[in-house]
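See structure below.
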Amino acid sequence: MHVDASAHSRADAPIVKPTLQTLADGLRAALLRTPRGSVLRAGAGVFIALVATYLFTSLLVDGFDTPSPWRFDSGGVLVVLGDALLTLIAGWLLARLAQREEVTLGVASTLLAANILVAVLINWPLRHLADLLHAHSQTALALLVALIGQAWWFFVLLVVAHGLIPRSFARAVVAAVLGYAVSAASWWYLPSVSMLDTAMYAPVAAEDATAASVDGTDDAQPTNADPNEDDDSGESEVGAAPSFDPEQVMYDQPALLDAALAQLAPRTPGKINLYAVIFAGDGSQDVFRNEAEYAQALFERRFDAKGHVVVLENNPATVATRPLASWTNLQRSLQAIAQKMDPAQDIVLLYLTTHGGSDHVLLVDLDPLPLNQIAPEDVADAFKTTPAMRWKVVIVNACYSGGFIDALRDDSTLVVTSARSDRTSFGCGTDSDLTWFGKALLVDALNQTTSLPAAFAIAREEVAKREAEDAKTDPELLHSEPQIATSASIEARLARWSAGLPQQPAVQFTPAIASANAKAQDAPRSANTTTDSSR
């Protein structure tokens, strides 16, 4: 490389021109063509400039992929720096095996340039294609596309290695294998990285609830349900003063959730595993706690999911022992399960129980904590895990819950709701130990059969009969009409799972907290007892 005598040229040429030349050679390598080799003398300045280019490109790509509103996540910077370090080590390996250690930085710079360009030109479109195929249940094709993207990087390394060792293809292959073992390690050992899947941004909704509300506004929160709308109040039974320290509860959340997720057991090999997240959203009524804790016992004992269930619960009595039911904890729980399960084989079940509004937003409440409400799109976002989970069952037990179907249904997901999108469901309040649909599905139906579609049919019939009895005294009562969205694919997967379950007896329901109705059997009913049959 020619170096001008002028100080200005000496300042510019060592960085700008070699960096551009290295990017050109990186493009040749990304397209599986041998680099020209004119930049193998590049120094530390070029490598640092390419690290900066990698960071800038990651910001652009990940910003494009992350739905707004979002916030910058500094952890993505560490991922990029870690990936660049691994690329440097791979470059050293190639140069060492070629017995040309003097060009280590040049080789590493060429590989880093190729890494950036492969990510943008090859892996980014292939990743989106794989996601599209996966969403349409084309799992085999999605896997093939993902493998092509990962194999491409090996051939890039082979092309560079062969350019360094042109007289020994065998040594070039060995160098490429070793370089791949080092540089591709980022895909498995660095968090959320797969060739520019660097997690530079995170959705605002995933922030801690206190941070989202620090300025007293709800601009960054999902749409709030009106807890007093359409007789779906969830009127507080806690009282004006909370029985807990709100600040301490929020401070304890990371540790409580980490402890709960640490209890997740590894999957059992050789069979389809069930993982479950139970979400009891409203802390003002014990009926939701009862339902959540019974669901845990049911799935652990009768459905072979012991060690695979996470309970998120809003209740004053459990703030010190269980993580809160919040969007952040839901998203983190699903992400942790995605890391434990076999996402192509196992099933994840999400059971949501709380009040629901006619705007199809679930009430998430533990007064006075500032918790975000949850809309159908928020649940869909929580399921966007890495790796992606294919087989899902979502049960939404709330008024107007049919409004969740369109946002969640696909060929690999079973969606069950306790009501139509324009109807209420029944059974919450202080006089109830369980909601009507919760009792019908969990206690009655799923203790008769291990088939979820069959259990839904049983529960729907039981609820219809109970509502018909009430309609005799209330002719204006509208039936809730529970809904199901299913497909042949998810039902076949559920049937295979169900067939492998061991025979287990029915699980008796015992309320964690007795209802006011049970407590009042030995005493006159108070005139101001809170009842709320419509949810």
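Taking the criterion of being small (Gly, Ala, Ser), modelled with pLDDT of 90 or more, on the phi < 0 side of the Ramachandran plot and assigned to a helix (DSSP H, G or I), would at least one residue in segment 152-161 satisfy it? So that I can check it myself, show each step before the final result.
Residues of segment 152-161 that are small (Gly, Ala, Ser), as a first pass: 161.
So of that shortlist, the ones also modelled with pLDDT of 90 or more come out as 161.
If we keep only those that are on the phi < 0 side of the Ramachandran plot as well, we get 161.
So of that shortlist, the ones also assigned to a helix (DSSP H, G or I) come out as 161.
For segment 152-161, residues small (Gly, Ala, Ser), modelled with pLDDT of 90 or more, on the phi < 0 side of the Ramachandran plot and assigned to a helix (DSSP H, G or I): present.
Being hydrophobic (A, V, I, L, M, F, W, C), touching a residue at least 60 places away in the same chain (Cβ under 8 Å) and more than 30 Å from Ala344 (Cβ to Cβ): is that true of Val463 here? Let's see the steps before the verdict.
On the way: hydrophobic (A, V, I, L, M, F, W, C): yes; touching a residue at least 60 places away in the same chain (Cβ under 8 Å): no; more than 30 Å from Ala344 (Cβ to Cβ): yes.
Considered against the rule, which asks whether it is hydrophobic (A, V, I, L, M, F, W, C), touching a residue at least 60 places away in the same chain (Cβ under 8 Å) and more than 30 Å from Ala344 (Cβ to Cβ), Val463 comes out as no.
When you check Thr210 against the structure, is it β-branched (Val, Ile, Thr), at pLDDT below 60 and in a helix (DSSP H, G or I), yes or no?
Yes, satisfied.
Looking only at residues of segment 401-420 that are part of a loop (DSSP other than H, G, I, E, B) and either more than 25 Å from the chain's Cα centre (by Cα) or among the acidic types (Asp, Glu) (or both), we find that the one that is farthest from Glu467 (Cα to Cα) is Asp411. Elements of the type helices (runs of 4 or more DSSP H) sitting completely within segment 7-68 and holding at least 3 residues that are modelled with pLDDT of 80 or more: these cover 16-30, 44-65.
The values are calculated or read from the model by the stated rules, or taken from the named source; none is laboratory data. Since we're looking at a predicted model, the values are computed, not measured. Cβ sites come from the backbone with ideal geometry, for glycine too, and all protein chains shown count toward neighbours.
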